[in-house]
Every structure is written in C-alpha cells, then in structure tokens.
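All of the numbers you see were taken from the coordinates with simple rules; none came from a lab. Keep in mind that what you see is a predicted model, and the values were worked out from it rather than measured. Positions of Cβ are generated from backbone atoms using ideal geometry, with glycine treated the same way; all protein chains shown enter the neighbour counts.
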Amino acid sequence: MSSSGTRVMVSGGLLSLDTTEDVRERGSGVARQVAVLPVGSLEQHGAYLPLTTDTLVACAIAREIAAAYPVHLLPPVTISCSHEHAAWPGTVSISAVTLYAVVRDIAASLRRSGVDTLVVVNGHGGNYVLGNVVQESAGTGTRMALFPAAEDWEGACERAGVQTSLLTDMHAGEIETSILLHAHPECVEDGYETSDFVADDRRHLLTLGMSAYTESGVIGRPSRADAEKGKELLAGLTEAFGAYFSLLTSETVH
C-alpha cells in the first residue's frame with residue numbers, strides 16, 4: 001500500500017458478530033437485559049495515535065465488559081463532539097444536540113425490543129452531553145449509566161501503576177497510549193516516547209480550543225506508557241463495572 005493510502009482495520013473486535021438468536025438466548029437467561037454502547041470520536045491524537053483512538057479505547061473497554069458480563073455489545077458511535085480539536089486536520093464533529101438525539105434514539109429502540117437498560121461507555125472527555133442523557137433518563141422507562149466515572153479511572157490507574165495524574169494525562173498520554181499498546185499495538189506509531197507535554201492549567205479550553213495549549217495536540221506523558229499498564233487498566237475498569245451491573249440489574253435503583 002502506498003504511503004498516501006488510507007489504512008483500514010479489518011479486524012480487532014470492534015463489531016459484535018452476534019446473530020439475533022444469540023441475543024435472544026442471552027436475554028432469556030437474565031432478569032434484566034443490559035446493552036453496552038461504546039462512544040468514541042474522530043479527532044487528532046498527536047502524530048503517533050490514530051484519529052480513532054477514543055473509539056478504539058471505548059471499544060476495548062466495552063469488549064472486556066461483554067466478555068465478563070451478560071450484556072449486549074452494540075457497535076460504536078464513532079463521531080462525536082470534538083470541536084476543541086478542530087484546528088488539526090482529520091478531526092470531525094457532530095453537535096451535542098445530534099449526539100444527544102442519537103443516544104436517546106438508540107435507548108428508545110432498545111426499549112421497544114425488550115432491552116430497557118443501556119450503559120454508555122464514553123471514550124472522549126469532550127462528550128459532556130452524555131451526562132445529560134443519562135441524567136434525564138429517570139422516569140423514561142430506560143435505566144442508563146455512564147461509564148467509566150473519574151473514580152473508576154482513578155482505581156484502574158492505581159492498579160496499573162499509571163504515574164501521571166488524570167489532570168495531567170488529558171490527551172494522547174500515558175493512559176490512552178498504554179491501552180492501545182495493549183489492545184491495538186499496530187495502531188501506535190513511533191514518537192510517543194518523546195512527545196511528553198504538560199499543560200495543567202486549561203481553564204479556557206472550551207473557549208480557545210486545544211490549540212491554545214499545545215502545538216502537537218498532546219497533553220500528557222505518553223513516554224511512560226506500556227502495554228502491561230494498558231492490560232491492567234482494562235482489567236481494573238472491567239472489575240469496576242461489576243458495581244454498575246449489580247445496580248442496573250437490581251429490582252430497585254436507589
């Protein structure tokens with residue numbers, strides 16, 4: 001393939017291969033059916049990670065969850081709210097209103113087919129509207145949750161020995177690079193070892209965008225990444241999901 005061609009991932013478990021009978025059988029063995037929806041983005045992640053990084057991360061988390069718990073794994077939402085990254089080529093966004101409507105429509109469609117519980121696995125921190133979707137689900141007939149929470153990431157980072165704080169490790173840093181080195185090493189280019197950049201004070205990010213804080217698009221310390229940390233991060237998050245699954249499948253939600 002020429003260097004100007006587009007690289008396409010033809011494998012890697014991004015899409016479930018369930019048949020309708022697989023879904024029927026799985027649903028018959030549980031009191032409450034739970035669907036898991038990965039939401040990623042299409043945005044710059046420096047010179048060494050692909051535009052699809054957030055989607056790959058969300059799918060890796062969702063895939064591990066689906067392997068450990070009886071849930072329906074949905075295909076990912078691959079374009080979301082990446083407006084703060086618009087200064088870099090390749091970044092594509094949809095409006096928060098559109099993302100909100102897509103997730104609400106998916107939840108409504110699932111409910112009509114007998115699945116009344118939806119977990120949104122968010123891989124992009126800029127998808128603030130997903131919190132509103134979950135917040136407003138009360139009383140709609142659908143139980144929803146947003147995963148992972150900051151506390152889940154903190155616990156997973158401690159387990160994995162991640163050295164960089166969540167504040168500092170904002171974008172294309174130790175966490176994301178480690179997960180891809182484990183789950184999709186073929187997607188990580190050389191250069192992450194020398195791309196560390198710190199910008200902890202980002203109070204005007206939503207007004208000015210990422211380009212006001214970083215020329216490379218990186219904010220974090222990717223040089224500290226390794227595949228073993230990525231493996232342990234996913235294991236920690238999968239374990240943390242157990243509390244969500246118990247809550248969502250209980251008879252009452254307190």
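Structural remarks
- Its alpha carbons considered, the stretch 108-254 gives a radius of gyration followed by a Dmax of 17.6, 51 Å.
- E158 versus S113: modelled label distance in nm, points set 7 Å from Cα along the beta carbon direction: 3.9 nm
- Three-way shape label, the stretch 42-170, alpha-carbon gyration tensor, a/c 1.5: oblate
- Highest-fluctuation residue, V57, V30, V71 considered, GNM on the chain with Cα pairs under 10 Å: V30
- Among [x] 36, 22, 15; [y] 30, 19, 18; [z] 27, 20, 18, the entry derived from the coordinates for semi-axes √(5λ) of the Cα gyration tensor in Å: [y]
- Annotation for N132 and E21: the two label points, set 7 Å from Cα along the Cα-Cβ direction, are 4.4 nm apart.
- Span-rule helices in the chain, defined as complete DSSP H runs reaching 18 Å or more along the axis (Cα) with Kyte mean at least -0.5: 53-68, 96-112, 227-248
- Across the chain, Cα pairs under 8 Å and at least six residues apart give a relative contact order of 22 percent.
- Proximity of backbone amide H atoms, modeled 1.01 Å from N, is registered between R143 and T117, L118 at under 5 Å, excluding neighbours fewer than 5 places apart on the same chain.
- Paramagnetic label zone (point 7 Å from Cα along Cα-to-C-beta, A67; backbone N under 15 Å) in the stretch 12-39: 12-17
- In order along the stretch 207-220, phi translates into HN-Hα couplings of 7, 9, x, 5, 5, 6, 10, 8, 7, 7, x, 9, 9, x Hz, rounded to whole numbers, per the Karplus curve 6.51 cos²θ - 1.76 cosθ + 1.60 with θ = phi - 60° and x for Gly and Pro.
- Cα centroid separation, the stretch 82-142 to the stretch 186-254 (Å): 19 Å
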